[in-house]
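Have a look at the structure below, then the notes.
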Amino acid sequence: EAEYAPMLRDSPGWQIHPAVAPQPGDVVLPKRKPSAFFGTPLVGLLIDRAVDTVVVTGGSTANCVRATAVDASSYDFRTAVVEDCVFDRFRVSHLAALFDLDRQYADVVSSDDVLAHLEPLAHARA
């Protein structure tokens with residue numbers, strides 16, 4: 001189980017982990033609500049780049065991950081939630097959210113499945 005850290009500005013929970021730190025050219029959109037779409041220019045950025053699929057990772061599964069996946073689906077993006085890249089404070093909340101997301105809003109998939117799908121696309125761009 002992941003340790004809970006409040007997501008208040010300038011708190012440890014707000015910081016981006018060095019393992020996934022933004023690289024030059026990456027877009028960082030700080031959010032103030034559970035969904036990454038609410039109050040950010042995310043949907044416009046995705047449309048401008050002709051993105052058709054959103055891959056959701058992070059925490060918490062029953063809150064921010066769920067809200068972002070539901071909004072992505074509502075905007076008609078194909079939506080995937082990466083099961084082994086999401087977490088919640090409580091296992092029952094995590095499992096219930098994954099079940100509900102997979103049932104109605106997103107494909108719940110493994111990171112291996114996502115990487116297998118993305119690898120040929122990366123080679124095609126190179």
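The values are calculated or read from the model by the stated rules, or taken from the named source; none is laboratory data. What you see is a predicted model, and the numbers here were worked out from it, not measured in a lab. Don't worry about glycine lacking a Cβ; one is built from the backbone with ideal geometry, like all the others, and counts go over all protein chains shown. When the accessible area is computed, the model is the full protein with side chains, heavy atoms only, and any ligands, DNA or RNA have been set aside. Shrake-Rupley method; radii C 1.70, N 1.55, O 1.52, S 1.80 Å.
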- request: Enumerate the pairs (first residue in the range 95-118 and without any contact (Cβ under 8 Å) to a residue 24 or more places away in the chain; second residue anywhere and open to solvent by less than 80 Å² (accessible area, probe 1.4 Å) and in a helix (DSSP H, G or I)) with beta-carbon separation below 6 Å, excluding pairs fewer than 6 apart on the same chain, so at least 6 apart or on different chains.
  value: none
field: Residues satisfying the stated conditions in the range 61-89, i.e. open to solvent by less than 30 Å² (accessible area, probe 1.4 Å), in contact with an Asp or Glu (Cβ under 6 Å, 6 or more places away or on another chain) and of a type in the set (G, A, S)
entry: A80
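Considering only residues of the range 47-60 that are among the hydrophobic types (A, V, I, L, M, F, W, C) and more than 25 Å from P18 (Cβ to Cβ), which is most open to solvent (accessible area, probe 1.4 Å)?
Filtering the range 47-60 for residues among the hydrophobic types (A, V, I, L, M, F, W, C) gives 47, 50-51, 54-56.
With more than 25 Å from P18 (Cβ to Cβ) added as a condition, the list becomes 47, 50-51.
Details: I47: 110, A50: 86, V51: 50 Å².
Among them, the one singled out is I47.
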- request: Please go through the range 20-46 and pick out each residue that is open to solvent by 80 Å² or more (accessible area, probe 1.4 Å) and under 23 Å from V108 (Cα atoms).
  value: V20, K33, F38
Search result, residues across the range 32-67 that are touching a Gly at 6+ places or on another chain (Cβ under 8 Å) and in contact (Cβ under 8 Å) with a residue 24 or more places away in the chain: K33, C64, V65
